[in-house]
Each structure stands twice: as C-alpha cells, then as structure tokens.
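Reading through the structure tokens given below for one structure.
The values are calculated or read from the model by the stated rules, or taken from the named source; none is laboratory data. No experiment lies behind these values; they were computed from the predicted model shown. All Cβ positions, glycine included, derive from the backbone under ideal geometry; neighbour counts span all protein chains shown. SASA here: full protein model, heavy atoms, side chains in, ligands and nucleic acids out. Shrake-Rupley method; radii C 1.70, N 1.55, O 1.52, S 1.80 Å.
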Amino acid sequence: MPMGQDAEICLLKSGELMIKLPLTVEEIANFGEGNRELFVRSSTYSLIPISVAEPGLTISWVFSSDPKSISFSVVFREAEDTPLDQCKVLIPTTRCNSHKENIQGQLKVRTPGIYMLIFDNTFSRFVSKKVFYHLTVDRPVIYDGSDFP
C-alpha cells in the first residue's frame, strides 16, 4: 500500500465490486418513502455513486444492515474520468453497528461531482449482507420575499 494512499481509494482500485448503482438527484427525489435494498456479498463492496450538478444541496442517508455490521464511507470524485488518486475521502471508513440501529448521516454538496457512498463488506470472509437504505436530497430554501403580503 503506497504511503498516503487512503484505504477507501485502495478499495475502489483493487477491491471486488459487487454492485454499482448510479443515481441522480432527480432519481433520489422520486425515491418515495420505502427503503431500497442493496446486496453486498462477503469480501466485496457495493457502491452508490450520486451525480450532483449543483452545489448547496444536502444529501442525507439512513441505512441498516442484516446480518451484522457493515463499513461505510463517502468519497468524492469530480468526474467519471477523474483518476481515483485524485478522489477526496469525505467520510473515512467507519464500521457501523447498523444491524442494531439505523445509521443516519448527511453531507452538504460544496462542489458538483460524484458523491460515492461505499458499503464495504471486505472484512467479512463468509457473511454476505443486505443493506436497507433510504436517501433524500434537500435543496436550500431561498427566501425571495415573494410570499410577503
């Protein structure tokens, strides 16, 4: 592992990808209430890249896993063809006890690009996991005074 190389970037380069599920802000806006399900086989990771064209949005997530825990991280990539070495880790890999409680989080989009939610099960040699997740996107409310009487 080269010095200064983030574990998350190494995973994206050389880990075994199970499922890649690209989403747009519009698709997330039409998600509805229910949870979606993502399968992450043992020793693999799954990826939800979210393409965001406008800064100022807030991406929020809630997820749980079954059975046992899953690791979660968020990596920013400016464009599809940006080298992985130039990606930025926004949320370092965290092992989540998401089988016991819902894990919630959010991030504010400062730069347009691709925000990759990574569900990492590479630490688990035998146990495949299901991740139940729900995503929302909030636009900032811009008050323009138009509803003032």
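Worth pointing out:
- Total residues in the stretch 17-47, condition surrounded by 12 or more Cβ atoms within 10 Å (Cβ to Cβ), outside any helix (DSSP H, G or I) and of a type outside the set (Val, Ile, Thr): 16
- Check on Pro112, open to solvent by 40 Å² or more (accessible area, probe 1.4 Å) and more than 28 Å from Lys13 (Cβ to Cβ): no
- Residue check: Thr94 meets all listed conditions (1) farther than 25 Å from Glu33 by Cα; (2) part of a loop (DSSP other than H, G, I, E, B); (3) not charged (D, E, K, R) but one, namely (2).
- Entry remark, the stretch 48-67: residues being of a type outside the set (A, V, I, L, M, F, W, C) and not in a strand (DSSP E or B) number 4 in total.
- Residues that are of a type in the set (Ser, Thr, Tyr) and touching a strand residue (DSSP E or B) at 6+ places or on another chain (Cβ under 7 Å) were ranked within the stretch 6-56; the one that is nearest to Tyr133 (Cα to Cα) is Ser46.
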